[in-house]
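Each value in this text was obtained by applying a stated rule to the coordinates, not by laboratory testing. Everything numeric here is computed off the predicted structure, so don't read it as measured data. Glycine also receives a Cβ, built like all others from the backbone with ideal geometry; neighbour counts cover every protein chain displayed.
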Amino acid sequence: MAAIYQVVNRRASSLACRLHSTYVRKMRYLNELKEDDSLCRQAQTSGTFYLFHNLSPFLQKAGKKYLVPQLGAAGALEKSVIESELQGSFTDIRKALFVVDGKDSSLLASAQSLLRWHDSHQYCSKTGQPTQKNVAGSKRVCHASGITYYPQMSPVVITLVSDGSRCLLARQPSFPQGMYTALSGFCDVGENVEETVRREVAEEVGLEVESLCYSASQHWPFPSSCLMIACHASVRAQQAEISMNSLELEEARWFGLEEIMEGLKREPRSSKQDNGSFLPWFPPKQAIAHQLICEWVKRQTSQLA
C-alpha cells in the first residue's frame, strides 16, 4: 500500500508541477481567451496592441533598428495622425518581417495572416450569409447554418537538395535581383510531405530524390498563411544534371561550399556589380531557407574537419 501511495503521490506531484509551469499556464490562458468572450474583453482593457493599416504593420525606427510599438487600447485615429504622433510609418509586411526582432516578426506574421483571413471569410460558403467573428478573432460563425469557420494554413514544403558536395538553389522571375533560395511548393490534396518533396524536385529541376529528412517548420504569411515544412533531400551525384522547368523557375544551379559561405555574408544592396549583374545572395536569417542553408554548411564543414 505504501508503495502504491508513493507512486500515485509522485505522479500527482509531477502533474501539479506541469500544470503550474509558466508555459502550461500561458497556453491554457490563451486558449481560454479564444473561447471566452467576456474574459477576452477584460484582457483587452489592459492589453497592448500592434497597429495595422491595409495589412501593413506600424513600425518605428530607432537608430539602425526598427521597433514595433505595443500600444494600449485607443480610439480610432487617421493613418496620417498616427504616423505623425508616433513618428513611424505603416510598412509593407515583406519588409517588416526582415527588419524587426524575431519575436515581433513571428507575431506580425500571425497577426497579418489572421487579419487577411477575416477579410476574405466574411460570408458563409454554404448560405452566402454574413459570418460573425468572436471577440478573440479565433473563429467566425454563420448563425444561419451553424457552421463555424477556423483560420487555416496551407502546407508547403521547402527543400534544400544536395548531391553530397553541392547544394541546389533556384530563383523565380519575381525574386529580388541576385536572390537564390531552396525549392518550394504546395502539398497537393492526398499527398504526404515525402511525396510532395519528391514530386516538387522532379517537376522543378528534373532530379530524383534518393533520401530526405525533416529539419524544421515555420509559419509564413505569403502568399496567404502557409506552414513551411523544411527538409533536406539527397540525389546521386552521377545523376545531378539539372533539367529546369522554365515555367516555374528563372534559374536553378548547383553551389559549392565556398560560394555558399560568401553568399551568406552578402547583403542585397552589396550584391550589385559594376557591370550591372548581381552576385548571389540568400534569404535572411528570419526565413527558414536560411536555416536550411546554414545546416548544410555546418554539415559540410564538419566533414572537412
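Between LEU247 and ARG199, what is the spin-label point distance in nm, taking each point 7 Å from the Cα along the Cα→C-beta axis?
Once both label points are built, they end up 1.4 nm from each other.
Between LEU115 and PHE98, 0.36 nm times their residue separation minus their Cα-Cα distance comes to what?
Result: 4.2 nm gained on full extension.
Two decimals is fine: what is log10 I(q)/I(0) at q = 0.09, 0.14 Å⁻¹ for the chain, from a Debye sum with one equal scatterer on every Cα and no solvent?
Results for the chain at q = 0.09, 0.14 Å⁻¹ read -0.64, -1.19.
Sorted from fewest to most neighbouring beta carbons within 10 Å, what does the list ARG116, ARG236 look like?
ARG236, ARG116
Using Cα pairs under 8 angstrom and six or more residues apart, how large is the relative contact order of region 154-304, in percent?
30
Setting aside same-chain residues fewer than 8 positions from LYS139, which lysines have a Cα under 19 Å from its Cα?
By straight Cα distance, LYS139 reaches LYS34, LYS126.
So how far apart, in nm, are the two label points at GLN273 and ASP188 if each is 7 Å from Cα heading toward Cβ?
Computed distance between label sites GLN273 and ASP188 equals 4.0 nm.
Taking the beta-carbon count within 10 Å as an exposure proxy, list ASP92, ASP36 from fewest neighbours to most.
In order of increasing Cβ crowding within 10 Å: ASP92, ASP36.
Between SER80 and ALA237, what is the FRET efficiency for a Förster distance of 41 Å, r being their Cβ-Cβ separation, to the nearest 0.05?
0.10
Can you work out the FRET efficiency for the pair ASP36 and SER211, with r the C-beta to C-beta distance and R0 = 41 Å, to the nearest 0.05?
FRET efficiency, ASP36 to SER211: 0.30.
Give me CYS213, CYS231, CYS294 ranked fewest to most by other Cβ atoms within 10 Å of their Cβ, as a rough exposure proxy.
Starting with the residue having the fewest Cβ neighbours, the order is CYS213, CYS294, CYS231.
Using Cα-Cα distances under 8 Å and only pairs 6 or more residues apart, what relative contact order does the chain have, in percent?
Normalised by residue count, the contact order of the chain is 14 percent.
Of LEU67, LEU51, GLY88, which is farthest along the charge dipole of region 46-120 in the positive direction, counting Lys and Arg as +1 and Asp and Glu as -1 at C-beta?
LEU67
Enumerate the lysines that LYS265 could reach by cross-link, defined here as Cα to Cα under 20 Å, with residues fewer than 8 away along the same chain left out.
Reachable lysines: LYS64, LYS65, LYS95, LYS285, LYS298.
Using alpha carbon centroids, what distance separates region 115-172 and region 193-250, in Å?
After rounding, the separation between the Cα centres reads 22 Å.
In debye, nearest 20: dipole of region 46-120 around its Cα centre with unit charges on the Cβ of K, R (+) and D, E (-)?
The calculation lands at about 280 debye.
Between GLN60 and GLU295, what is the spin-label point distance in nm, taking each point 7 Å from the Cα along the Cα→C-beta axis?
For the pair GLN60/GLU295, the computed spacing is 3.8 nm.
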